[in-house]
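Just so it is clear, none of the values below were taken in a lab; they were calculated from the coordinates. Keep in mind that this is a model prediction, so the values were computed, not measured.
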Amino acid sequence: MTSPRVPLAAQLAYTAWMAVWVPLYWRANGWTNFLWLCDFANFGLLAALWAESAVLASSQLAGVLLIQTLWTVDFLGRLLSGHHLLGGTEYMFDPAIPPAVRLASLFHVATPPLLLWALRRLGYDRRALPLQIAIGWAVLCVSLAFGPERDLNWVWGPYERPQAWVSPWLWFAGCLAGFPLLLWWPTHLALSRWAGRARPSAT
């Protein structure tokens, strides 16, 4: 028997966090909010920690590392300078949103370091990119079904506002191409160099 690559304490701690975060977010935002790629990645991370799955952890990090880093930059920029550098975190400073919900949204800051820590223990699996494309495209397609009023993952327009520059279908096709090319593939290349291939599964 080999020692676990993910400590039980980490698995239990993240499970406890999810047990708090899921009902809090569900009650405040509805279950569809979990279709945001950043939110969806929390479930993938939970499964990856318990399964000690390098490919699943790798795919989730490839999917959200750049997005959540930009989220953190915008949030800290607004916090320190009073101005949003990129946009997308305005809700974090909306007094109409309960403080507990906004506090829980700070998972955007914590998830990338946690995934990087997991990959240091599990290794980076190069199958992450095709898996993330499959997962990401599925989530984007489901997001489209909820219409421009919800605009999940900006599949109808940026910053949750429907765009009018091109046809909705052309915009969505751009999303299907743009997410992998601009977000997931560059992150995959960087992580492949940083972490190396996944180790064999623990027995």
If you fit an axis through the alpha-carbon atoms of helix 107-122 and take the longest principal axis of the Cα set of the chain, what angle between them do you get, 0 to 90°, nearest 10? 30 degrees
Please quote Rg/Rh for region 8-122 to two decimal places, taking the Kirkwood radius as Rh and restricting both calculations to Cα atoms. 0.97
With Cα atoms, 0 to 90° folded angle of helix 8-29 axis to the chain main axis: 20 degrees
Give me the Kirkwood hydrodynamic radius of the chain, using the inverse of the mean 1/r over all pairs of distinct Cα atoms, in Å to one decimal. 17.8 Å
If you take the square roots of the eigenvalues of the alpha-carbon gyration tensor of region 87-150 and sort them as a ≥ b ≥ c, do you get rounded (a/c under 1.5), prolate (a/b over b/c) or oblate? oblate
Given contacts defined as C-alpha pairs under 8 Å and at least six residues apart, what's the relative contact order of the chain, whole-number percent? 28 percent
Helix 37-51 versus the longest principal axis of the chain: what angle, 0 to 90°, nearest 10, using Cα atoms? 10 degrees
For Tyr124, what residues show an amide H to amide H distance below 5 Å, using hydrogens built from the backbone and excluding near sequence neighbours? Gly196, Arg197, Ala198
Whole-Å distance, taken between Cα centres, linking region 97-113 and region 58-89: 12 Å
